[in-house]
Amino acid sequence: MTAAKTGIPTTYDPKEVENKWYRNWEERGYFHQLPEPQQQPFSIVMPPPNVTGSLHLGHALDNTLQDILTRWRRMQGYNTLWLPGTDHAGIATQAKVEEQLAREGLSKHDLGREKFLERVWDWKHQYGNKITSQLRLLGASCDWQRERFTMDEGCSRAVKEVFVRLYRKGLIYRGNYIINWCPKCQTTISDIEVEHQDREGQLYHIRYPVKDNPGQFITVATTRPETMLGDTAVAVHPEDGRYQHLVGQTVILPLMDREIPVIADAYVDPAFGTGAVKITPAHDPNDFEIGSRHNLPHVTVVGKDAVMTREAGKYAGLDRYEARQRVLADLQAEGLLILTEEISHSVGHCYRCDSVIEPLVSKQWFVRMRPLAEPAMEAVKDGRIKFVPERFAKIYLGWLENIKDWCISRQLWWGHRIPVWYCQSCHQEICSEEAPENCDGCGSGELVQDPDVLDTWFSSALWPFSTMGWPEETKDLGHFYPTSVLVTGRDIIFFWVARMIFMGLEFMPGVPFREVFIHGLVLDAKGRKMSKSLGNGVDPIEVIDQYGADTLRFMLVTGNTPGNDLRFQFERLEGTRNFANKIWNASRFVLMNLEGYVPLSQEPEYSLADRWILSRYQKTVRDTTALLERYEIGEAARVLYDFIWSEFCDWYIELVKPRLYGKETEASKNTAQMVLGHVLAGTMQLLHPFMPFITEEIWHHLQGDGESISIAAWPKAEVQWDNPPLEKEMELVMDVIRAARNMRAETGVPPGKRVELVLVASNASIKEILITGMSYIQQLAGAEPIRLEVGELSEKPSQAAAAVVAGVEIYLPLVGLIDLDKEIKRLSKELAEVTKELERTVGKLQNQGFLAKAPQEVVEKEEAKKQEYMAKKAALEDRLAQLQAN
RNA sequence: GGGCGAUUAGCUCAGGGGGAGAGCACUUGCUUCACACGCAAGGGGUCGUAGGUUCAAAUCCUACAUCGCCCACCA
């Protein structure tokens with residue numbers, strides 16, 4: 001790669017540039033802003049990634065979108081805050097440290113709670129900033145001076161405060177309910193942390209003997225026969241004729257020889273299985289409900305280790321699946337297993353470790369959801385919070401509508417300890433921010449804190465205000481709350497978004513954010529989720545290493561529409577890398593030609609191309625801004641891509657060259673330089689939120705040692721340059737050039753060979769346009785000399801290729817060169833196309849309904865098309881006739 | 001069982017009531033002094049199917065099909 005003239009290499013090397021600039025930005029504190037009351041705020045809190053984690057493509061997309069919005073608003077002059085931080089991630093982090101201990105042959109119990117927590121903190125200090133340093137590599141312009149952690153002092157204080165307040169309000173309670181237990185993680189998890197997966201399984205039909213009627217049975221159906229050991233009833237539908245006579249009777253629970261009643265409950269679906277259900281209140285959520293309605297006892301036969309308990313009689317000590325086989329064998333032996341049916345049913349798995357969840361009855365802490373859900377639904381219904389795209393509001397509302405209480409206690413050590421103490425003498429329960437000295441009931445000093453910690457999502461639910469100093473009334477809260485927008489993946493609407501909303505509404509004067517911008521998931525090239533088990537994950541850091549952060553960012557946001565998933569394809573990276581290189585080289589060109597540039601004092605000499613690119617540029621400013629306002633980030637990126645590549649590079653730079661090489665006046669050269677510099681600088685500003693590094697680098701080359709582009713003012717649309725009629729004129733010139741190039745290529749004119757061109761304008765005003773664009777046609781179509789006529793050509797060249805564009809006939813005389821047959825074929829094809837177009841247009845214009853009902857301008861446009869096509873058709877036919885006569 | 005999304009060129013996807021678009025891939029020609037990570041020219045699609053609304057439907061509506069996702073108390 002040679003460095004022609006400037007010393008700037010012809011291939012863009014992102015590595016060097018990116019390393020340099022992020023450090024500079026952070027050192028100079030561009031991303032840190034204090035609340036300025038007189039300034040309009042724009043604030044985002046970053047969805048805190050897990051401290052254990054490393055950046056994956058989901059983070060990369062999420063944070064790129066946030067960074068684009070943040071950088072854009074910062075440039076627009078908002079008082080901008082993007083607040084970063086990390087999540088302590090209870091289960092994940094604890095598991096990681098436990099793994100580490102296991103390698104040393106230790107368990108957490110060997111260390112004890114306190115020492116174990118020290119280890120976790122050590123771990124956090126050592127590895128916890130991996131992801132934040134990766135976010136820097138991505139270019140995230142967040143305010144690191146305000147970085148927070150869900151378990152830092154401030155956040156912890158907020159957690160305690162919230163817990164105590166909810167407790168005192170009766171919105172947090174403790175009780176024995178059926179919960180989801182993960183036998184591997186050894187903790188409860190909440191309902192949404194259970195992933196239901198369809199599995200092939202067996203439905204076993206088992207006969208239970210009726211006590212007072214030997215020889216009579218009731219047959220139940222179950223997928224989990226081992227839980228029958230804990231059955232406390234058999235239920236049938238109250239109106240099921242088959243079983244009516246048995247309701248109220250007693251049956252003998254096989255294998256256990258326990259007497260259990262037959263009850264009637266409308267929950268039972270008579271059409272499913274046998275219409276009779278064994279009821280195990282201790283091991284099934286539905287059975288638990290039925291059990292409560294009918295006051296059935298709980299018999300716990302599966303323990304927290306997924307091993308059968310003492311209550312399971314001779315099966316005690318067996319693993320749950322082993323027990324299942326033994327139970328089945330024993331039933332078989334007794335002739336009670338009468339049918340095994342293959343069915344597909346859904347099985348709950350732990351979303352962290354994928355173990356099969358065991359529903360258990362256990363004493364846990366819960367948040368009462370109904371009173372919190374109502375206002376949270378209201379805030380979205382009345383528009384105080386807007387979802388983008390809107391359809392996600394429905395998903396959110398649907399979830400809250402059927403919400404159940406939230407189990408928040410976790411049997412872990414790493415997390416926010418539940419601020420509740422139990423008196424060892426009178427069993428009084430004391431909820432308080434700080435450890436109480438004495439029991440407020442009996443005065444005893446023997447108090448023991450609840451061993452459990454809170455669900456990780458409990459603390460992240462407070463993130464929008466806990467990070468800004470709540471419960472203190474801080475300046476940050478006053479100014480930056482509510483935050484402007486929350487940007488996150490659609491997979492955590494329930495986990496996080498909904499919970500932030502109800503917590504915000506409960507503890508703050510209002511909603512935590514005004515808009516929720518939801519994006520899709522990043523999938524692999526085949527459209528599958530990226531996962532460790534599939535091994536199809538792509539490491540964004542490797543991508544950055546190879547292609548640069550700008551390329552990764554731009555690639556992630558283009559070709560994708562809000563809320564939709566995105567397939568990650570390496571080929572697209574190359575295309576984007578090429579775009580970066582294109583920008584780089586266009587900038588090299590501009591910089592080379594701006595060397596020694598001093599603005600002239602005299603009036604600029606604007607050319608058609610100057611006015612055209614300025615008109616296009618200001619349209620690009622308007623479009624980009626409008627699209628960003630609507631969160632159409634991919635479209636905004638596409639608009640910039642097209643403008644830079646197809647208009648600025650392919651046309652404007654090419655058109656401007658002769659002026660720069662001294663072929664016109666000094667004033668013209670000077671004007672060209674000015675326009676080049678102006679449009680490039682403005683375009684770099686527009687592009688900066690998307691590709692912060694390369695734009696910063698180019699900005700500094702353009703501006704000398706000026707300030708960072710990241711705080712340069714967002715370009716304003718220069719409406720004085722808006723000139724659609726002029727754009728049309730330029731389009732005509734461009735069309736002529738394209739047509740001429742096409743003829744050259746199709747007839748095999750050697751590249752570089754200058755050829756004569758004859759242009760016939762259909763009227764004087766078109767002739768004027770062509771005169772203005774003459775030099776462009778010469779230059780870009782390699783045409784010289786050009787003969788320009790208006791109206792009819794007295795004598796049409798016989799040996800010539802011909803083409804017609806709106807209002808212009810173009811002839812390329814090629815004595816001895818032209819292949820007549822080829823030319824006839826080419827023109828015939830053109831003629832067929834234009835004939836088709838004309839027919840459709842004429843059809844429309846003959847349609848009375850169209851003329852009567854279509855808007856005037858549409859009809860006019862159609863009429864103009866018709867004229868154009870007719871002229872073109874006539875010219876083509878003429879030409880064909882002429883050629884065929886020869 | 002309910003809901004949502006997708007279905008447009010070989011591939012990946014934009015677009016969206018009034019002349020079918022991009023990138024990649026493909027064909028042809030070019031070491032043209034910003035860029036071969038490039039330039040120029042070109043081929044390629046009855047916009048999933050069937051109805052409906054409309055002067056006009058790829059676009060709106062209704063069914064259906066296929067794929068994907070989410071929710072649900074399928075013992």
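Just to be sure, is A:A276 closer than 23 Å to A:I343 by Cα, in contact (Cβ under 8 Å) with a residue 40 or more places away in the chain and out of contact with any helix residue (DSSP H, G or I) (no Cβ under 6 Å at 6 or more places or on another chain)? It is true that A:A276 is closer than 23 Å to A:I343 by Cα, in contact (Cβ under 8 Å) with a residue 40 or more places away in the chain and out of contact with any helix residue (DSSP H, G or I) (no Cβ under 6 Å at 6 or more places or on another chain).
If the condition is being of a type in the set (V, I, T), more than 10 Å from RNA strand B (Cβ to nearest atom) and not in a loop (DSSP other than H, G, I, E, B), then the range A:263-317 contributes A:I263, A:V302, A:V307. Of the candidates A:G535, A:G510, A:G527, A:G559, the single residue that is more than 10 Å from RNA strand B (Cβ to nearest atom) and on the phi > 0 side of the Ramachandran plot is A:G535. Just one of the listed residues (A:R324, A:R352) is assigned to a loop (DSSP other than H, G, I, E, B), more than 24 Å from A:V210 (Cβ to Cβ), touching a helix residue (DSSP H, G or I) at 6+ places or on another chain (Cβ under 6 Å) and not small (G, A, S), namely A:R352. For the range A:546-556, a tally of residues being more than 14 Å from RNA strand B (Cβ to nearest atom) and open to solvent by 10 Å² or more (accessible area, probe 1.4 Å) returns 0. Residues that are surrounded by 14 or more Cβ atoms within 10 Å (Cβ to Cβ), of a type in the set (A, V, I, L, M) and over 26 Å from A:E837 (Cα atoms) within the range A:794-822 comprise A:L814, A:L817, A:I818, listed in sequence order. Screening A:A761 against (1) touching a residue at least 60 places away in the same chain (Cβ under 8 Å); (2) open to solvent by less than 30 Å² (accessible area, probe 1.4 Å); (3) in contact with an Asp or Glu (Cβ under 8 Å, 6 or more places away or on another chain) leaves a single unmet condition, (1). Do we have any residue at all in the range A:305-324 that's crowded, with 16+ Cβ neighbours inside 10 Å, under 29 Å from A:F458 (Cα atoms) and out of contact with any Cys (no Cβ under 8 Å at 6 or more places or on another chain)? Within the range A:305-324, one or more residues are crowded, with 16+ Cβ neighbours inside 10 Å, under 29 Å from A:F458 (Cα atoms) and out of contact with any Cys (no Cβ under 8 Å at 6 or more places or on another chain). Can A:G53 be described as in contact with a Phe, Trp or Tyr (Cβ under 6 Å, 6 or more places away or on another chain), within 19 Å of A:Y127 (Cα to Cα) and touching a residue at least 60 places away in the same chain (Cβ under 8 Å)? No: the conditions fail for A:G53. Among the criteria (1) in contact with a strand residue (DSSP E or B) (Cβ under 6 Å, 6 or more places away or on another chain); (2) open to solvent by 10 Å² or more (accessible area, probe 1.4 Å), the one A:D650 does not fulfil is (1). Residues of the range A:573-601 that are of a type in the set (A, V, I, L, M) and more than 7 Å from RNA strand B (Cβ to nearest atom): A:L573, A:I583, A:V590, A:L591, A:L594, A:V598, A:L600.
In the set (1) at pLDDT 95 or above; (2) over 30 Å from A:G90 (Cα atoms); (3) part of a loop (DSSP other than H, G, I, E, B), A:T6 fails one condition alone, (1).
Of all residues in the range A:294-303, those that are open to solvent by 90 Å² or more (accessible area, probe 1.4 Å) and of a type outside the set (S, T, N, Q) total 0. No other residue among A:L627, A:L686 is hydrophobic (A, V, I, L, M, F, W, C) and surrounded by fewer than 21 Cβ atoms within 10 Å (Cβ to Cβ) apart from A:L627.
Of all residues in the range A:198-233, those being near RNA strand B (Cβ under 9 Å from one of its atoms), in a strand (DSSP E or B) and in contact with a His (Cβ under 6 Å, 6 or more places away or on another chain) number 2.
The values are calculated or read from the model by the stated rules, or taken from the named source; none is laboratory data. Quick caveat: nothing in here was measured; it's all calculated off a predicted structure. All Cβ positions, glycine included, derive from the backbone under ideal geometry; neighbour counts span all protein chains shown. These area figures cover heavy atoms from the full protein model, side chains too; ligands, DNA and RNA do not enter into them. Shrake-Rupley method; radii C 1.70, N 1.55, O 1.52, S 1.80 Å.
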